[in-house]
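To start, the structure itself, in structure tokens.
The values are calculated or read from the model by the stated rules, or taken from the named source; none is laboratory data. If you're wondering where the values come from, they're calculated on a predicted model, not measured in any experiment. All Cβ positions, glycine included, derive from the backbone under ideal geometry; neighbour counts span all protein chains shown. These area figures cover heavy atoms from the full protein model, side chains too; ligands, DNA and RNA do not enter into them. Shrake-Rupley method; radii C 1.70, N 1.55, O 1.52, S 1.80 Å.
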Amino acid sequence: MKNVSYFYCIGLASVNLIMDTIHNHFGIFDIIFVILAGLPLLLNKKRMYELFGGTMGLISLYIIFAIFVSMVKDGQNAMMQPLWTYGMGYVLSFLTLIFGLLMTKIIKIRNRRNIIT
């Protein structure tokens, strides 16, 4: 499951790079983001996966909190965005949080194989 979490991060970094290239906002930060996302696979150390997963988990918790505060603030100003705007942010943030926790092995998923003889 660690590899699935890792490839999710690489996918997010690649999509970010592609979208910034399409919209002409390409910068050095995008390349650094892809390199940082690829670092755990290149070094292949347990500590690197735990550090990267923990960092992803903390960032996703911050994003969940920011989306909630934005939703409350927009509600108070009577300028609510469509529900899918907030929903998309929550879904991506929760997925990132889950994959981050999988990388740190806080959440463990075991593959059970049933053998019928």
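Brief remarks follow.
- All positions within the range 41-55 that are closer than 20 Å to residue 97 by Cβ, out of contact with any Cys (no Cβ under 8 Å at 6 or more places or on another chain) and open to solvent by less than 90 Å² (accessible area, probe 1.4 Å): 48, 49, 50, 53, 54, 55
- Residue under evaluation residue 6, criteria (1) surrounded by 15 or more Cβ atoms within 10 Å (Cβ to Cβ); (2) out of contact with any Cys (no Cβ under 8 Å at 6 or more places or on another chain); (3) at pLDDT below 80; (4) over 17 Å from residue 107 (Cα atoms), criterion not met: (4)
- Test set (1) at pLDDT 80 or above; (2) open to solvent by less than 50 Å² (accessible area, probe 1.4 Å); (3) under 14 Å from residue 99 (Cβ atoms) - residue 58 fails condition number: (2)
- Cβ-Cβ under 9 Å pairs, at least 6 apart or on other chains, the range 1-26 side assigned to a helix (DSSP H, G or I), far side hydroxyl-bearing (Ser, Thr, Tyr): 2/49; 5/49; 6/49; 8/96; 9/96; 12/96
Each row is one residue, and each column tells you yes or no for (1) surrounded by 14 or more Cβ atoms within 10 Å (Cβ to Cβ); (2) under 27 Å from residue 109 (Cα atoms).
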| residue | (1), (2) |
| --- | --- |
| 18 | no, no |
| 32 | no, no |
| 67 | yes, no |
| 72 | no, no |
| 76 | no, no |
| 88 | no, yes |
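- Filter result (among the aromatic types (Phe, Trp, Tyr) and farther than 21 Å from residue 57 by Cβ) within the range 5-28: 26
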